[in-house]
Protein chains: 2
Amino acid sequence: MNLPTLRQLHYLVTVVELCHFGQAAERCFVTQSTLSTAIQELESLLGVQLLERTKRKVIPTQLGIELADKAREIISMTESLVLDAQIDRKPLSGELRLGVIPTISPFLLPKVLPGIRSGFAELELYLLEDQTHNLLERLAAGELDCAILALPFDLGGLEYQVFWQENFLVAFPADHPLSQGGPIASQKLPGNELLLLEKGHCLRDHALAVCHMKAMAKRASFQGTSLYTLVQMVAGGQGITFLPEMAVDDDFLAQNQIAVRPLAEKGPHRELCLVWRTAYHRKSDLALLADCMRGLLAASYSQKAK
Amino acid sequence: MNLPTLRQLHYLVTVVELCHFGQAAERCFVTQSTLSTAIQELESLLGVQLLERTKRKVIPTQLGIELADKAREIISMTESLVLDAQIDRKPLSGELRLGVIPTISPFLLPKVLPGIRSGFAELELYLLEDQTHNLLERLAAGELDCAILALPFDLGGLEYQVFWQENFLVAFPADHPLSQGGPIASQKLPGNELLLLEKGHCLRDHALAVCHMKAMAKRASFQGTSLYTLVQMVAGGQGITFLPEMAVDDDFLAQNQIAVRPLAEKGPHRELCLVWRTAYHRKSDLALLADCMRGLLAASYSQKAK
DNA sequence: AAATTTAATAGGAAAAAACGATTTATGAAT
DNA sequence: ATTCATAAATCGTTTTTTCCTATTAAATTT
């Protein structure tokens, strides 16, 4: 359908209001001829008469008045669209779709979400927990605004900000021969007792990378679906596993018969980062979010230390 | 405020929907470069980013989606404005502001309004009763769409259509010496007994014009405010007066002790017409209305004759 | 009758919109 | 790794639209 322009509608509104082409033109900051022609074109486009005019007088027709009312509404909606566009968003407000990998999510979120929620009350977080490659796919598709992942990982052309570093620990059943002592080198671990997360979890790859053992993966006797179930199995004496520091700090470990020892290998073993598309339009919000999480994490640990 | 054009909004809606400049351009029947530039200008006008784009992919921002929704609404309102403009009005429908002079109104309207109302159910008549010059003033100001007047009268540049003709009668008290007989010449009337409507009523001037007596007006003993009161006075024996045929036909005469005689002077003494501005946009409606009134009047009289 | 007001119109200048061609960047395929 | 294909941005040009100035024509007022 052939639509009139907003300018034409504005001219109509003004001339209907003033009933005078010259004055209306002045108010619209154009000449009378411009206005006159514009109204004629509008009338011809609509195929109706909007104004009854002699050389002396202008009287809007009934239809002209009705359409001017509608036009006013349209213009005012457009103005409100412009205003809507220009409301300065507070930092970290509105919807934010955040993906988190499963080996970070249950340990990180309880530590930082309360602080984020209270610091940015107008932020509406939509959380999605999935493995790294799925998160990256959704991120690329625009279904997520950002994601929390663990490095090292090839992020392609994505931008990111590291906000935390941590090492891995080895978890033994409390009564395991190796359960006591300080840092332990990964070569000394009984490979055949090693329980690992199923494929796709980056924690599995990271842990194996730290230990320089790719082959050993094959020997792993069980592939767990989550760190929680894995820990249950360790507590049950069915093997040993790697845990990130975050998890060890967690309450749920305390309730199980488990002992942990640091890995002797130099860290940091993994880095937590917030990732986003290069073209993402609210990068500053995300940088702020990452900073905020670092701060909250640090606060959380220093509090536990007391 | 600087507003975006409807065209820009339409481009935005399309590109947000398709997430692809090329396809959106095709759907809008323009080239990709046109669309690309238009969106950039819109973004710059609004001062915000509406689309997140790489060379490969387009993802609307949250704001882009919201504004596209608003834009859709604005466009659809504009479309509905165009449609509203193009609904073919039924003949004689909608508002019509009609002025009628007091010496026609009470006699004509009861005869024609029921027929008009039933024939044109969607017509909303707004009636105003006033003297000719006031009606013409309001007509010129656009406060009335048309008016029913009596000719002869100088209507200036107005257009009109005569729909009825009638003569004047003389009304006597039933017991007046001249009350009986056929046509009577105005010279034989007792000028000092003549009761007339106050100045401004065209009936007064018309009657005097028919009788070729201007001077006689000065002798008129009383100036009535309406034909009804005038008739009451005649019935009370206080004098004689002129009445248009329409009024004589009316029921209210029968209830009074009044006799009427035609004037000997050749008619028609006055013509009833519908007047409108030359530039008025619904002339055909008014011509139809006039025709309709003629028909209804004729029907009304032929029915009385039976 | 002359002067004034006001909408329409004509012609030309300025601005905006659109196009075609090219460039640049990014995935995908070889 | 190189080439190919895709897609958005950009550049220069053409077309279209918009607007302006000046004038005309009609209707009032002086």
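The values are calculated or read from the model by the stated rules, or taken from the named source; none is laboratory data. Bear in mind that the values here come from a model prediction, so they are computed numbers and not experimental data. Counting neighbours? That spans all protein chains shown, and the Cβs are built from the backbone with ideal geometry, glycine included. The area values use the complete protein model at the heavy-atom level, side chains included, leaving out ligands, DNA and RNA. Shrake-Rupley method; radii C 1.70, N 1.55, O 1.52, S 1.80 Å.
Yes or no, residue by residue, for (1) under 23 Å from A:GLN131 (Cβ atoms); (2) at pLDDT below 90; (3) assigned by TED's automatic domain parsing to the domain that holds A:ASP145:
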{"residue": "A:GLY191", "(1), (2), (3)": "no, yes, no"}
{"residue": "A:CYS202", "(1), (2), (3)": "yes, yes, no"}
{"residue": "A:SER221", "(1), (2), (3)": "yes, yes, no"}
{"residue": "A:VAL248", "(1), (2), (3)": "yes, yes, no"}
{"residue": "A:GLN257", "(1), (2), (3)": "no, yes, no"}
{"residue": "A:ASP285", "(1), (2), (3)": "no, no, yes"}
{"residue": "A:LEU288", "(1), (2), (3)": "no, no, yes"}
{"residue": "A:ASP291", "(1), (2), (3)": "no, no, yes"}
{"residue": "A:TYR301", "(1), (2), (3)": "no, yes, yes"}
Close pairs from segment B:181-202: first on the phi > 0 side of the Ramachandran plot, partner in a loop (DSSP other than H, G, I, E, B), Cβ under 9 Å, at least 6 apart: B:GLY200/B:GLN131
Count of residues meeting criterion [more than 16 Å from DNA strand D (Cβ to nearest atom) and without any contact (Cβ under 8 Å) to a residue 24 or more places away in the chain] in segment A:36-86: 20
Residues of segment B:54-70 classified as hydrophobic (A, V, I, L, M, F, W, C) and within 15 Å of DNA strand C (Cβ to nearest atom), total: 2
Residue in segment B:44-54 that is farther than 23 Å from A:GLY94 by Cα, outside any helix (DSSP H, G or I) and either at the interface with another protein chain (Cβ under 7 Å from one of its Cβ atoms) or modelled with pLDDT of 90 or more (or both) present: yes
Residue in segment A:68-79 that is open to solvent by 40 Å² or more (accessible area, probe 1.4 Å), of a type in the set (Gly, Ala, Ser) and in a helix (DSSP H, G or I) present: yes
When residues of segment A:136-154 are limited to those that are open to solvent by 40 Å² or more (accessible area, probe 1.4 Å) and touching a residue at least 12 places away in the same chain (Cβ under 8 Å), the one farthest from the other protein chains (Cβ to nearest Cβ): A:PRO152
Criterion: of a type in the set (A, V, I, L, M), free of Cβ contacts under 8 Å to residues at least 40 places away in the same chain and within 12 Å of DNA strand D (Cβ to nearest atom) - qualifying residue of B:LEU6, B:LEU18: B:LEU18
Odd one out for B:GLY157, checked against (1) open to solvent by 50 Å² or more (accessible area, probe 1.4 Å); (2) within 14 Å of chain A (Cβ to nearest Cβ); (3) under 30 Å from B:ALA299 (Cβ atoms); (4) assigned to a loop (DSSP other than H, G, I, E, B): (3)
Cβ pairs under 7 Å, 6+ apart, first in segment B:232-247 and farther than 14 Å from B:ARG204 by Cβ, second open to solvent by 30 Å² or more (accessible area, probe 1.4 Å) and modelled with pLDDT of 90 or more: B:GLU245/B:ASN167
Which numbered condition B:ASP84 fails, given (1) open to solvent by 80 Å² or more (accessible area, probe 1.4 Å); (2) part of a helix (DSSP H, G or I); (3) modelled with pLDDT under 90: (1)
Hits in segment A:1-41 (condition: part of a helix (DSSP H, G or I), away from every other protein chain (no Cβ under 12 Å) and open to solvent by 80 Å² or more (accessible area, probe 1.4 Å)): A:GLU17, A:GLN23, A:GLU26, A:ARG27, A:GLN32, A:GLN40, A:GLU41
Selection within segment A:28-53 - more than 12 Å from DNA strand C (Cβ to nearest atom) and farther than 14 Å from A:LEU63 by Cα: A:CYS28, A:PHE29, A:LEU45
B:LEU92 being surrounded by 15 or more Cβ atoms within 10 Å (Cβ to Cβ) and touching a residue at least 24 places away in the same chain (Cβ under 8 Å): yes
Scan of segment B:55-65 for residues that are facing chain A (nearest Cβ under 7 Å) and either within 23 Å of A:SER80 (Cα to Cα) or part of a helix (DSSP H, G or I) (or both), ordered by number: B:THR61, B:GLN62, B:LEU63
Given (1) assigned by TED's automatic domain parsing to the domain that holds B:HIS10; (2) acidic (Asp, Glu); (3) in contact with a helix residue (DSSP H, G or I) (Cβ under 6 Å, 6 or more places away or on another chain), number of the condition B:GLU52 does not satisfy: (3)
Of residues in segment B:264-281 being touching a strand residue (DSSP E or B) at 6+ places or on another chain (Cβ under 8 Å) and surrounded by fewer than 17 Cβ atoms within 10 Å (Cβ to Cβ), the one nearest to the other protein chains (Cβ to nearest Cβ): B:THR278
Output for segment B:96-109, where each listed residue is out of contact with any Lys or Arg (no Cβ under 7 Å at 6 or more places or on another chain) and without any contact (Cβ under 8 Å) to a residue 60 or more places away in the chain: B:ARG97, B:LEU98, B:VAL100, B:SER105, B:LEU109
Members of segment A:232-247 that are open to solvent by 40 Å² or more (accessible area, probe 1.4 Å) and under 26 Å from A:TYR160 (Cα atoms): A:GLU245
Any hit, segment B:103-125, residues being within 47 Å of the chain's Cα centre (by Cα) and within 16 Å of DNA strand D (Cβ to nearest atom): no
